[in-house]
Amino acid sequence: MSGATAVKKQTMNVPLLDLKAQFVSIEDEVRAAMDSVLETQRFILGPQVSDLENEIAAYSHCAHAVGVSSGTDALLLALMALGVGRGDEVITTPYSFFATAGVVSRLGARPVFCDIDPLTYNLAPEAVDAFISEGCESRGGKLINRATQGEVKVLMPVHLFGQTAEMSVLGDLAAAHGLQVVEDAAQAIGSEYAGGKRAGSMGDIGCFSFFPSKNLGAFGDGGMCTTNDAELAERMRILRVHGSKPKYYHALVGGNFRLDELQAAVLRVKLRYLDQWTEGRQRNAAHYTQALADAGLGEAVQTPHRCEGYRHIYNQYVIRVSQRDALQASLKEASIGTEVYYPVSLHAQECFADLGYAQGDFPHSSSAAAQTLALPVYPELTEAQLDYVVDAIAGFHH
Ligand SMILES: *Cc1c(COP(=O)(O)O)cnc(C)c1O
């Protein structure tokens, strides 16, 4: 057969995320919800926000929820409510979005990194245990970091890519050493640990983000703190409005961490579809994993590890390959959007140089940063698009 008659493989466009596809499916409902807010001309901390708070609390199996201005502010507010400040330390993962550690520094506290589990990319309980038993001592009921003399107050695991960290072991460690637990659940709304325990319900405070690319995304910034502790919830409500209670009387210094009515109205519509969208993501993830195996890529491409009995909500479907940058460039040529979450471990960020970490301190985190690549997994993807992505990956490796 001559070259002229051979059918050239059709190019498709597969963006990393297509929010328009979701919007058209709910457009009428969302516009009606936004209109109803416009008619009230009440824009900040009104009935939409409190209804959303109740709905997210129920969805996350928590007693209380406090709507805030972003996922970052949720983390900041949580640490403020727990009294984290100068001289304090927070144990967390070096393999996360910047905000996880950034909020610790903004409070004058120190992020202490422990390495991740190489399969799940989540904070490794063994690494936390090693840091506490080798690097800390108990003094007057406080856990003191021997190297810095700082007080370790909080353990902050991140439920990365939509799968929860090993919360039972981490929770036991925290309880044994008097640490409070803040869950960075920004990527994990509706995600479940073994036994059906939901993200945001297992620590003292859970923090969610409604950034548009999260599974429950607003039309702008938004976030939520969840807790089962009524006193902490009240403290967060006060800190959310500059520490004001009653109005213009300040026993605490807080900030403006308020959530808008318009965002809450949009999120309430979207929350009704969240489980259906999550199922779409899970279906797409399962399709990729099967198709990559069928294409004989089991060796070359490490697919996401699903922990037995967990509910993974696939905010990201992240593969691991040795020639990551070359694969990403090749997929880009084929009009396939991908992203590297995250290219630089937090301990290696320029702004954290004064923490004194060396590049090689967290080898699992650094090797994940060099080898992982997120593929499109949003619910509206077609099977043809998924197969196109798998074919392109296979084409690169063969
Ligand atoms: C998105 C994200 C945040 C921050 O949320 P914003 O709403 O963007 O401020 C924090 N931590 C993690 C792990 C995130 O993915």
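The values are calculated or read from the model by the stated rules, or taken from the named source; none is laboratory data. In this text the structure is predicted, and so the values were computed from the model without any measurement. Cβ: placed from backbone, ideal geometry, glycine included. Neighbour counts: every protein chain shown. All accessible areas refer to the heavy atoms of the entire protein, side chains included, with ligands and DNA or RNA removed. Shrake-Rupley method; radii C 1.70, N 1.55, O 1.52, S 1.80 Å.
Against the numbered list (1) under 30 Å from Phe362 (Cβ atoms); (2) at pLDDT below 95; (3) hydroxyl-bearing (Ser, Thr, Tyr), Ser70 comes up short only at (2).
Checked against the criterion of being under 11 Å from the mean Cα position of the chain (by Cα) and either within 11 Å of the ligand (Cβ to nearest atom) or assigned to a strand (DSSP E or B) (or both), the candidates Ala218, Ala188 yield just one match: Ala188. The residues in the stretch 221-230 that are more than 10 Å from the ligand (Cβ to nearest atom) and open to solvent by 10 Å² or more (accessible area, probe 1.4 Å) can be counted, and the count is 3. Counting only residues that are more than 24 Å from Ala186 (Cα to Cα) and surrounded by fewer than 18 Cβ atoms within 10 Å (Cβ to Cβ), the stretch 351-364 holds 9 of them. Of all the residues in the stretch 311-350, those that are among the aliphatic types (A, V, I, L, M) and closer than 30 Å to Arg110 by Cβ number 5. Report yes if some residue within the stretch 340-350 is open to solvent by less than 60 Å² (accessible area, probe 1.4 Å) and of a type in the set (D, E, K, R); otherwise report no. The answer is no; no qualifying residue exists.
Taking the stated definitions as given, is Leu79 within 16 Å of the ligand (Cβ to nearest atom) and farther than 25 Å from Asp361 by Cβ? For Leu79, the condition - within 16 Å of the ligand (Cβ to nearest atom) and farther than 25 Å from Asp361 by Cβ - is not met.
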